[in-house]
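Asker: Input: one structure, supplied below.
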Amino acid sequence: MSKYLLRRVGTSLLTVFGIVIVVFFIVRVLPGDAAAVRAGPYANQEMIDRIADKYGLNDPILVQFADYVSGVAKGDLGVSIRTNQGVTGELLDRLPASLELAVYAVVLATLVGVSLGVLAAYRQATWVDRFARIFAVVGSAMALFWLGLLLTFFFAFQWEWFPGPVDRLAIGSEDPRTFTGFYTIDGFLSGRPEIAWEAFRYLALPVITLAFVLAAPILKMVRSAMIEALDSDFVRTAKAVGVSRHRILFVDGFRNALIPVTTTIGIVFGFMIGGNILVEFLFSWPGIGRYAFDAITTRDLEALQGFVVFVGVMYVVLNMAIDIAYALIDPRIRLGSGTAK
């Protein structure tokens, strides 16, 4: 197991290094003068030259790359042009908001997708199966931005069931004491359940928006994997010897379908970490996606570069976790060799 983990860590470090290389050189070949962007639209040439010297923008490209890699290794992703603050600190401050949104959305999407997928596979060619397939098609085709606008218009403005898209809490509400960074949990831990309930209400619409779309690929993968598992020889043998339907469906069938399902859920969660920029913008959610959107609109290349590297590292770590989870799900996978036997 230790050898396998060392191999996975080594591969992950190489992947992160590749991400850093690609992001660094892509930013450097973009049109525009980085020093002029930092100096602002009203700066003269002398100020631009001074900023270029300060940040080493006149150094050879390999020297700049070595300095940037050294900074990344220390956790320094640069300084935001827009706020003049460290990118690492700003991303870490906003990460809990994005994770709270992502976790609830993925949990809801998994519950819906797995439930409908299992039922559709077990009740093939029935109305349940047809409903599940229609849901998957609509979810795959639905645009996040359009769905978010519809939900906001009807549920927030027309019927007023949920609050409008302003933030994680109502304007004027005091943030709970930070324990986990999740307001829905910190509200209870700090003895303020009303804040936790308020946070749930502000989470509802963005979570439903994301979960509706994310449930579609999970549903399709669960249905496909379950159909394959239920049609296998060992399931037919289990039925022949009188094993209960409950055990066949949820133990023999679902457990053998968990590998592709886990992969799909992991990919969905990885997408959620940095790919929910539109939803965070639409609902004024102060996460790292909104931070990236602000960086794009203000041409803050340092912040955007740091965001891409930050999300890339998180995605690599997530993939490592998924690989290790395979062994816990399927005992045929041997961590020592990294192969399934």
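Asker: Pairs please, first residue from region 143-171 and closer than 23 Å to Ala216 by Cα and of a type in the set (Phe, Trp, Tyr), second anywhere and at pLDDT 90 or above and not in a helix (DSSP H, G or I), Cβ atoms under 6 Å, 6+ apart in sequence or on different chains.
Answerer: Listed by first residue and then by second, the contacts come to Phe155/Trp161; Phe155/Phe162.
Asker: Scanning region 1-35 for residues that are among the small types (Gly, Ala, Ser) and modelled with pLDDT under 75, which turns out farthest from Ala295 (Cα to Cα)?
Answerer: Looking at residues that are among the small types (Gly, Ala, Ser) and modelled with pLDDT under 75, I get Ser2.
Asker: Could you check region 145-180 and list, in sequence order, the residues that are open to solvent by less than 30 Å² (accessible area, probe 1.4 Å), outside any loop (DSSP other than H, G, I, E, B) and hydrophobic (A, V, I, L, M, F, W, C)?
Answerer: The answer is Leu147, Leu151, Ala156.
Asker: Could you check, for region 112-121, whether at least one of its residues is in a helix (DSSP H, G or I), open to solvent by 80 Å² or more (accessible area, probe 1.4 Å) and in contact with a helix residue (DSSP H, G or I) (Cβ under 8 Å, 6 or more places away or on another chain)?
Answerer: Checking region 112-121: at least one residue is in a helix (DSSP H, G or I), open to solvent by 80 Å² or more (accessible area, probe 1.4 Å) and in contact with a helix residue (DSSP H, G or I) (Cβ under 8 Å, 6 or more places away or on another chain).
The values are calculated or read from the model by the stated rules, or taken from the named source; none is laboratory data. Please read all numbers here as calculations on a predicted model, not as lab measurements. A quick note on method: Cβ atoms are made from the backbone with ideal geometry, for glycine too, and the neighbour counts reach across all protein chains shown. Keep in mind that these areas ignore ligands, DNA and RNA; they rest on the heavy atoms of the full protein, side chains included. Shrake-Rupley method; radii C 1.70, N 1.55, O 1.52, S 1.80 Å.
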